[in-house]
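Enquirer: Shown below is the structure under consideration.
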Amino acid sequence: AQVRQIKKLVCHENYQRHDMSNDIALLELSEPVQCSPYIQLACVADPILGVPVSQEHDYWVAGWGATTASDKTPSDHLQEAKVQLINIQLCNSTFWYSGKIHTHNLC
């Protein structure tokens, strides 16, 4: 593990706390992180570069969000998880999120 302080935080200009839309930010750290076999750079899917997002692949997500559905407190540690995409219509069905997922979000 490596500990860094946040030197600068830039939140998305359209972030909405009430529905968590545009919940993304850029962080400038106090000093660079040293890559190792356990710490790697993140890859970002980019359709312009020919890296499409699809349900046929596994993806990795990372963040400081709550780690359980009932927990409202963010984590003190950057967490990661391997995930698969779910069809947005299924995700927004009454059995899942009942329309709370925006079309610009991934589920």
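Enquirer: Under a plain spin-label model, where a point goes 7 Å from the Cα along Cα-to-Cβ, how far apart in nm are LYS82 and ALA62?
Expert: Output for this residue pair reads 1.7 nm.
Enquirer: Also: In angstroms, what radius of gyration and Dmax does the chain have, counting Cα atoms only?
Expert: Final numbers for Rg and Dmax: 15.9, 45 Å.
Enquirer: Okay, moving on. Out of all Cα-Cα pairs in the stretch 1-41, roughly what percent, to the nearest whole number, are more than 10 Å apart? Each step should come with its number before you reach the end.
Expert: Numbers: 615 of 820 pairs.
That fraction is 75 percent.
Enquirer: Which value at 222 nm does the chain reach when only helices count, each DSSP H run of 4 or more adding -39,500 (n - 2.57), with the total divided by all residues and rounded to the nearest 500 deg cm²/dmol?
Expert: Helix-only estimate at 222 nm: -500 deg cm²/dmol.
Enquirer: Relative contact order of the chain: what whole-number percent is it, with Cα pairs under 8 angstrom and at least 6 residues apart?
Expert: Once normalised by length, the contact order is 17 percent.
Enquirer: Given the Cα-Cα distance of ILE39 and ALA1 and 0.36 nm per residue of separation, how much length would full extension add, in nm?
Expert: Values: separation 38, 0.36 × 38 = 13.68 nm, distance 0.81 nm.
Fully extending the segment from ILE39 to ALA1 adds 12.9 nm.
Enquirer: Ignoring ligands, DNA and RNA, what percent of the 1.4 Å accessible area of the stretch 1-41 is carbon and sulfur?
Expert: Carbon and sulfur together cover 54 percent of it.
Enquirer: On average, how much accessible surface per residue is there in the chain, in Å², for a 1.4 Å probe, leaving out ligands, DNA and RNA?
Expert: Averaged over the residues of the chain, the accessible area is 90 Å².
The values are calculated or read from the model by the stated rules, or taken from the named source; none is laboratory data. What you see is a predicted model, and the numbers here were worked out from it, not measured in a lab. Positions of Cβ are backbone-derived with ideal geometry, glycine not excepted, and every protein chain shown enters the neighbour counts. What goes into the accessible areas is simple: the full protein's heavy atoms, side chains included, and nothing from ligands, DNA or RNA. Shrake-Rupley method; radii C 1.70, N 1.55, O 1.52, S 1.80 Å.
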